[in-house]
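Have a look at the structure below, then the notes.
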Amino acid sequence: ASHTGAMASEDSIYDAVFRRAGLARVFDFGNIFDFTDLVGRKRIPKGNRLAIITNAGGPGVMATDSLISLGGKLVKLSDETMQKLNDYLPPFWSRGNPVDVLGDATPERFATATQIVLEDENVDAVLVLLTPQAMTAPTEIAEAIAELAANTTKTIMTSWMGGASMREGIQVFNNAGISSFIYPEQAIKAFMTISDYSKNLQMLYEVPKEVPVIFQYDRNELREKYLTNIFPKAKILNEDDSKMLINDYGIDTTHPKAAATADDAVKVAEEKGYPVVMKIYSPDITHKSDVGGVILNLKDEEMVRAAYSSMIKMVSARQPDARIDGVTIQKMVDTKGAVELIVGIKKDPSFGTVMLVGMGGTTAELFKDSRLEFPPLNEKLVMQMLESLKIYPLLTGWRGDPAKNVSKLIEVLIRMSYLAADYPEIAELDINPLIVTETDVIALDARIVVDEEILKNPVKDYSHLILRPYPESLVKEVTLKDGKQVLLRPIKPEDEPAWREMLANCSKESIYFRFRYDFFYNSHEVASKFCFIDYDREIAIVAEYEEDGEKKLIGVGRLISDPDQEMMEYAILITDAWQKKELGCILTKYCIEIAKSKGFKVLVAETTKDNKGMISVFRKLNFKMKFNEDSSVSVKKYIQEEE
């Protein structure tokens, strides 16, 4: 198997599935119930920044250890919060988080300290711990905390430890709807699960930056070339063919050249220019380094000849059944200060193609510092992958080292996701190492394993992906009656700011005609529902106009499928400045074409009697209309009946 094949385990693929679906993962039955209890309180924390209030140091420290071991953060309290606590608490309090209010803490002291911490904007949730001590009043303290909980939206968890003496206090929490746990570790585990759940939900709708990706070649023509001439050569493509495909997708590579003899190797090395790298050339050897098949930094003819001789002997001894066609020679890249990554593709039998990025080099499988995601990728998903890696600080500049070209790396990973989407015929792909420097991102080695079954029996477009990629085929340029050029294209998550601006340029009347009520659009929570869509079940075609280098959205037509995939509901919005220019008619006709091409039978819509512009469009396009008693108008078109 390739490095990616070995590292993309079944369990890690399930983790990627859960993340992309916005789900939380639990590993034992106890945590299922604890997590459910927290979710049921309907106070899901915005992050994993936890503060701990306790009347004993030991439980606070142990809770902290549990939190950190599960990837949580013990929040640093703000200077203002620290000052308030210093002013209020006895001089011997812990002076940090966990906040130890000391063993003689009264209900008032517990409640006031908790209130101060809850008011800190850096705090997402609070865990209050109580141990039975000589002066402890567990029920009264519970009542004080319960009163606080009624006046905050933040998550409060409690752990009243001490058996029978704590029962009344725990009952107070149950009655107040506050989660109470037997031990702090239980609370921490449930909190981290709900934090992961919250983070996964937020990640689903984070607005990515636009990363322009331009291809030098037509990808359909490239695909025809590789399926016809390259992929049929062998199940495992040689390094040159593998790198050629990667390079055609705009990713820089080194270019190896084959040499069958020592003399040939010297000749190629002199063409490339010293120093060079020599690799064994064999269709039967996957991991060249494991058999002595890679030698770096060869600086002259003598070193090349010696390396050729020793490599052929060593590889022949270590893998005697392998066919050896000589070696390849490529220019040595200066990797001083560079970060080595592995980037790969693997096709999973259950979930289709998955992408991997992680720590690269010969130790990639040993350290297993990697992250999986499903293509297609955007800027936010790529950044989440990179930031999850333990070696990510090396990319941003570690201990005085200069930062690496992360922007270029993001572009490379997005290009790889295009490649993954375009080729169901790829079973596995490895780039290892992918070198990231201050200025460049270069693939030094690559390997592609071909899925010969799919090569012989082609499959439906994108059937190897669990998520449908951006439908580029629906991008179309049209001309309005005044001669202006407008681009019609599917909406994408990156459009959210432009979508909000488009609605801001609409009158209240236009908004009402589209939504039938005073629609509030200017929030991420609302806008994301209209810009983050499943292209299999919904299509929104935006009209984009460019003037003086600035692109603006001036209209949108939206098609939403019914569960049976037979009927689509249609809605349209055109900004006021672009009404009465035939844009509504053009956009509606194009949406009809799309629905028809997808095999839908009926298009339906709703409007009002006073929306004369759209009634005119529907009449012009032969929709059947029904004027209802409530002033609404129902329209319908049987689109498959038309020639």
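A few comments on the model shown:
- Pairs where the first residue, in region 612-632, is within 15 Å of Gln579 (Cβ to Cβ) and in the same structural domain as Glu593 (by TED's automatic domain parsing) and the second is surrounded by 11 or more Cβ atoms within 10 Å (Cβ to Cβ) and among the small types (Gly, Ala, Ser), C-beta under 7 Å, 6+ apart: Gly613/Gly584; Met614/Gly584; Val617/Gly584
- The requirement of being among the β-branched types (Val, Ile, Thr), in contact (Cβ under 8 Å) with a residue 24 or more places away in the chain and outside the structural domain of Pro132 (by TED's automatic domain parsing) is fulfilled nowhere in region 49-69; no residue meets it.
- Scanning region 90-103 for residues that are within 23 Å of Lys189 (Cβ to Cβ), charged (D, E, K, R) and not in a loop (DSSP other than H, G, I, E, B) turns up at least one hit.
- Condition met for Ala144 (assigned to a helix (DSSP H, G or I) and assigned by TED's automatic domain parsing to the domain that holds Pro184): yes
- Phe173 being in contact with a strand residue (DSSP E or B) (Cβ under 7 Å, 6 or more places away or on another chain) and over 12 Å from Thr54 (Cα atoms): yes
- Scanning region 3-35 for residues that are under 24 Å from Glu185 (Cα atoms) and either free of Cβ contacts under 8 Å to residues at least 24 places away in the same chain or more than 14 Å from the chain's Cα centre (by Cα) (or both) turns up Ala24, Arg25, Val26, Phe27, Asp28, Phe29, Gly30, Asn31, Ile32, Phe33, Asp34, Phe35.
- Where Met614 falls short, out of the listed (1) surrounded by 14 or more Cβ atoms within 10 Å (Cβ to Cβ); (2) of a type outside the set (Val, Ile, Thr); (3) not in a helix (DSSP H, G or I): (3)
- Region 25-47 - residue that is at pLDDT 85 or above, over 29 Å from Gly103 (Cβ atoms) and not β-branched (Val, Ile, Thr) and, of those, surrounded by the most Cβ atoms within 10 Å (Cβ to Cβ): Phe35
- Region 38-67, subset within 24 Å of the chain's Cα centre (by Cα) and among the aliphatic types (A, V, I, L, M), residue farthest from Lys390 (Cα to Cα): Val39
- Each residue in region 519-555 was checked for being acidic (Asp, Glu), in a strand (DSSP E or B), surrounded by fewer than 17 Cβ atoms within 10 Å (Cβ to Cβ) and touching a residue at least 12 places away in the same chain (Cβ under 8 Å), and 2 of them qualify.
- Residue in region 175-182 that is over 38 Å from the mean Cα position of the chain (by Cα) and either over 30 Å from Val382 (Cβ atoms) or of a type outside the set (A, V, I, L, M) (or both) present: yes
- Wholly within region 367-460, helices (runs of 4 or more DSSP H) carrying at least 1 residues that are in contact (Cβ under 8 Å) with a residue 12 or more places away in the chain, aliphatic (A, V, I, L, M) and under 27 Å from Lys233 (Cα atoms): 406-422, 452-456
- Single residue of region 569-598 satisfying the filter (in a loop (DSSP other than H, G, I, E, B) and more than 31 Å from the chain's Cα centre (by Cα)) that is farthest from Leu488 (Cα to Cα): Lys580
- Of all residues in region 471-491, those that are under 26 Å from Ala420 (Cα atoms) and surrounded by fewer than 18 Cβ atoms within 10 Å (Cβ to Cβ) total 6.
- Candidates Tyr512, Tyr535 - the one that is out of contact with any strand residue (DSSP E or B) (no Cβ under 8 Å at 6 or more places or on another chain), assigned by TED's automatic domain parsing to the domain that holds Asn611 and modelled with pLDDT under 95: Tyr512
- Single condition Gly344 does not satisfy, out of (1) free of Cβ contacts under 8 Å to residues at least 24 places away in the same chain; (2) in contact with a helix residue (DSSP H, G or I) (Cβ under 7 Å, 6 or more places away or on another chain): (1)
- Matching option when the condition is among the hydrophobic types (A, V, I, L, M, F, W, C) and under 21 Å from Gly72 (Cβ atoms), among Phe173, Phe181: Phe181
- Checked against (1) of a type in the set (S, T, N, Q); (2) at pLDDT below 90; (3) not in a loop (DSSP other than H, G, I, E, B), Asn174 passes all but a single condition, namely (2).
- Residues within region 290-312 that are among the small types (Gly, Ala, Ser) and surrounded by 15 or more Cβ atoms within 10 Å (Cβ to Cβ), tallied: 3
- Identity of the residue in region 313-344, out of contact with any Pro (no Cβ under 8 Å at 6 or more places or on another chain), part of a strand (DSSP E or B) and of a type in the set (Val, Ile, Thr), that ends up nearest to Ile426 (Cα to Cα): Val343
- Inspection of region 187-205 finds a residue satisfying the criterion of being modelled with pLDDT of 90 or more, under 30 Å from Gly58 (Cβ atoms) and in contact with a Ser or Thr (Cβ under 6 Å, 6 or more places away or on another chain).
- For region 263-282, the criterion of a residue being in a loop (DSSP other than H, G, I, E, B) and either of a type in the set (D, E, K, R) or closer than 23 Å to Leu409 by Cβ (or both) is satisfied by no position.
- Looking only at region 1-24, and only at residues there that are buried (at least 18 other Cβ atoms within 10 Å of the Cβ) and under 15 Å from Ser195 (Cβ atoms), the one that is modelled with the highest pLDDT: Arg19
The values are calculated or read from the model by the stated rules, or taken from the named source; none is laboratory data. Remember, predicted model here, so these are calculated numbers, not experimental data. Positions of Cβ are generated from backbone atoms using ideal geometry, with glycine treated the same way; all protein chains shown enter the neighbour counts.
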